[in-house]
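The values are calculated or read from the model by the stated rules, or taken from the named source; none is laboratory data. It should be emphasised that the depicted structure is a prediction, and the values quoted were computed from it without experimental measurement. Neighbour counts run over all protein chains shown; Cβ positions are idealised from the backbone, glycine included.
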Amino acid sequence: MYIILAALCAFIVGCSAGSDAPAEPPPPDVTVANVLSRSVQAWDEFNGRVRAVPTVELRPRVSGYINRVAYQEGSEVKPGDLLFVIDPRPYRNALHSAQAQLEHARAAVNLARSKTEHAQALFAAQAMSREEFNSRKAVLNQTTADVRAGEAAVATAKLDLSFTEVRAPIAGRAGRALLTTGNLAQADQSILTTLVSQDPMYVYFDCDEHSFLRYQEFARRNDHQRNIYPVRIRLANDQGFPHHGTVDFFDNQLNPATGTIRVRAVVANTDRILTPGLHARVQLQGSGEQHAFLIDEKAILTDQDRKYVYVLGEGNKAFRKDITLGRQIDGLRIVQSGLDTADKVIIIGAQKIFQDGTTVTPQYVSMDTPTAIPFTMPATAAE
């Protein structure tokens, strides 16, 4: 009986061992693309801020209570457009007073001139002393000076009266009214609103020292392109870099605390998309055209301080290749060494490969469109 039970157990154990034997997994699916070889133009990328070319804090030139806000907040204005009206009555009265003083001075000078002419005739006939004649001439000179002072006072009063109408000094977009009807505006102190220009716009960014020296070297080697640095701008919601401009200013010194230099680009803003204060990604042309090998970023793997990719070899086997990387170009990465045009780089699925010589099932795409629908290579190309 015991012999039969032992044999039965051995049979069951044998069957279980046979059924649990692991099956060999199928080759992992990977996406493969040929190394892209073409002429490229390098662009360096920086963080920047959009700024208006002129920005004005609008302050009144005379004091007074605001009668009217004459513009729509947030609207675009032209030079000379009326924005605020300060109560003009005190300044109109001051003008009338100055004009009256001027008329009084002119009447006085006419009388003094008549007396001086009469005194001159008497002095010529020796009927008046020289002292009295000189006194008449001094009165004429004083009243003439009073007329000039009166004319200056009238001009000042007219100017003050004109300042009660606060007008836009530049073309741009007006901000909100910081003082509204009934509030007191202090001359040269109160801020009424702000004006920012709209087209073109500045974009400021900080360039690192090595890039700055490279730009200078590139300019020295290309005299015909000296100081012409194209830039491309992307806002937070943009696809690609749709805004274009040029650098018009490098600061005159490097900031030793950050190792950067401030750079300014001028960008057209005819569509009014660029708004002062917006964050922008700036691409600055870093060099002339050069020939380069390009691969997709997703193909790059890291082993401590080394970068490598897997390439497809004979028999659909994956092999590791260490590479040296350059800068990023249009979403692809320059490979300075380690690859050539014959290599087929595994873009997607490289994480499934744990050792050299692993057999894979490749599907092919174009390197510059790695998300495209894979296509099957002819048998001769896959072998």
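Annotation note: of L102, L82, L95, the sole residue that is assigned by TED's automatic domain parsing to the domain that holds A174, modelled with pLDDT of 80 or more and not polar (S, T, N, Q) is L82. If the Cβ limit is 6 Å and pairs must be 6+ apart or interchain, which residue in the stretch 350-362 that is assigned to a loop (DSSP other than H, G, I, E, B) pairs with which residue that is of a type in the set (S, T, N, Q) and at pLDDT 80 or above? That search, which allows pairs on different chains as well, returns V360/N316. Among the residues making up the stretch 227-259, those that are in a loop (DSSP other than H, G, I, E, B) and within 13 Å of Q285 (Cα to Cα) are N227, I228, Y229, F241.
Quick one: in the stretch 180-205, which of the residues that are part of a strand (DSSP E or B) and polar (S, T, N, Q) is nearest to the chain's Cα centre (by Cα)? By that ranking, first place goes to T194.
Is it the case that some residue within the stretch 264-279 is within 26 Å of I233 (Cβ to Cβ), touching a residue at least 24 places away in the same chain (Cβ under 8 Å) and among the charged types (D, E, K, R)? The answer is yes; a qualifying residue exists. Of all the residues in the stretch 150-178, those that are among the hydrophobic types (A, V, I, L, M, F, W, C), surrounded by 14 or more Cβ atoms within 10 Å (Cβ to Cβ) and closer than 29 Å to V109 by Cα number 4.
Screening T144 against (1) without any contact (Cβ under 8 Å) to a residue 12 or more places away in the chain; (2) of a type in the set (S, T, Y); (3) farther than 23 Å from L58 by Cβ leaves a single unmet condition, (1). Look at (1) over 40 Å from the mean Cα position of the chain (by Cα); (2) buried (at least 16 other Cβ atoms within 10 Å of the Cβ); (3) modelled with pLDDT under 85 and you find that D356 fails only one, number (2). Determine whether the stretch 323-344 contains at least one residue that is at pLDDT 85 or above, within 25 Å of P25 (Cβ to Cβ) and of a type outside the set (S, T, Y). Within the stretch 323-344, one or more residues are at pLDDT 85 or above, within 25 Å of P25 (Cβ to Cβ) and of a type outside the set (S, T, Y). Summed over the stretch 228-247, the residues that are surrounded by 15 or more Cβ atoms within 10 Å (Cβ to Cβ) and not aliphatic (A, V, I, L, M) give a count of 7.
Which pairs do you get when a residue that is closer than 16 Å to T275 by Cβ, found in the stretch 72-85, comes within reach of a residue that is exposed (fewer than 13 other Cβ atoms within 10 Å of the Cβ), reach meaning Cβ atoms under 6 angstrom, with the pair 6+ apart or on two chains? Pairs found: E73/R176. Which residues, counting only those in the stretch 140-188, are more than 30 Å from H118 (Cβ to Cβ) and hydroxyl-bearing (S, T, Y)? Listed by number, the residues that qualify are T156, S162, T164, T180, T181.
Checking A127, A94 one by one, the residue that is part of a loop (DSSP other than H, G, I, E, B) and of a type outside the set (F, W, Y) is A127 and no other.
Working only within the stretch 106-134, note down all residues that are among the small types (G, A, S) and surrounded by 15 or more Cβ atoms within 10 Å (Cβ to Cβ).
So in the stretch 106-134, the residues among the small types (G, A, S) come out as 107-108, 112, 114, 119, 121, 124-125, 127, 129.
Within the stretch 106-134, A108, A112, A119 qualify.
Residues that are farther than 26 Å from G240 by Cβ, of a type outside the set (G, A, S) and surrounded by fewer than 15 Cβ atoms within 10 Å (Cβ to Cβ) within the stretch 292-320 comprise T302, D303, Q304, D305, R306, E314, listed in sequence order.
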